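Below you'll find the structure, written out as structure tokens, and then a few comments.
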Amino acid sequence: MEQNEVVGKVSEGALKWIKLGWTWSMSFVKIRTCKFRLRIAKKNLDAATSRLGMEFYSLHRRGETDILNSVAIVEQLKTVEEAESQVLDLQGRMDDLGEEYSKRRDAISAKQA
């Protein structure tokens, strides 16, 4: 084995690890950002659910019997649904980021092998 071949193999291996490191770090940053957004979305969902419960209890204390058709309850339900859909979207995005990283890692490993 000549020196040029050894240098070529070492440089290919180093390039592979650099690419893998870069891919991992970018994936890490994206996932951490998404986790931060998810944490905020969950807090918003908890707050919306709490407001819905407070509104429900308020109507119950006033003695209203048709609580489910109340405008305030319907608005709070819409707010809860929006907050819940945001949480589900972010959880799906995190799953997509994990799959994207796996595909890129496998592509880099296969290309350099």
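Against the criterion of being modelled with pLDDT under 95, part of a helix (DSSP H, G or I) and under 21 Å from W24 (Cβ atoms), I108 qualifies. Annotation: R39 fulfils all but one of (1) among the basic types (K, R); (2) more than 15 Å from the chain's Cα centre (by Cα); (3) closer than 17 Å to A83 by Cα; the unmet one is (2). Starting from residues that are among the small types (G, A, S) and free of Cβ contacts under 8 Å to residues at least 40 places away in the same chain, keep the ones in segment 1-51 and report whichever is surrounded by the most Cβ atoms within 10 Å (Cβ to Cβ). Filtering first and then ranking leaves A48. Scanning segment 69-77 turns up no residue that is closer than 30 Å to D96 by Cβ, free of Cβ contacts under 8 Å to residues at least 60 places away in the same chain, loosely packed, with under 12 Cβ neighbours inside 10 Å and out of contact with any helix residue (DSSP H, G or I) (no Cβ under 7 Å at 6 or more places or on another chain).
Could you say whether any residue in segment 18-35 is part of a helix (DSSP H, G or I) and over 25 Å from A107 (Cα atoms)? Yes, segment 18-35 contains a residue that is part of a helix (DSSP H, G or I) and over 25 Å from A107 (Cα atoms). Can you find a residue in segment 97-108 that is surrounded by fewer than 13 Cβ atoms within 10 Å (Cβ to Cβ), of a type outside the set (D, E, K, R) and farther than 19 Å from C34 by Cβ? Looking through segment 97-108, at least one residue is surrounded by fewer than 13 Cβ atoms within 10 Å (Cβ to Cβ), of a type outside the set (D, E, K, R) and farther than 19 Å from C34 by Cβ.
Screening I67 on (1) more than 25 Å from the chain's Cα centre (by Cα); (2) farther than 30 Å from L15 by Cβ; (3) in a helix (DSSP H, G or I) shows it passes everything except condition (3).
The values are calculated or read from the model by the stated rules, or taken from the named source; none is laboratory data. This structure is a prediction, so every number in the text was calculated from the model and none was measured. Neighbour counts are summed over all protein chains in view; Cβ atoms, including those assigned to glycine, are modelled from backbone coordinates with ideal geometry.
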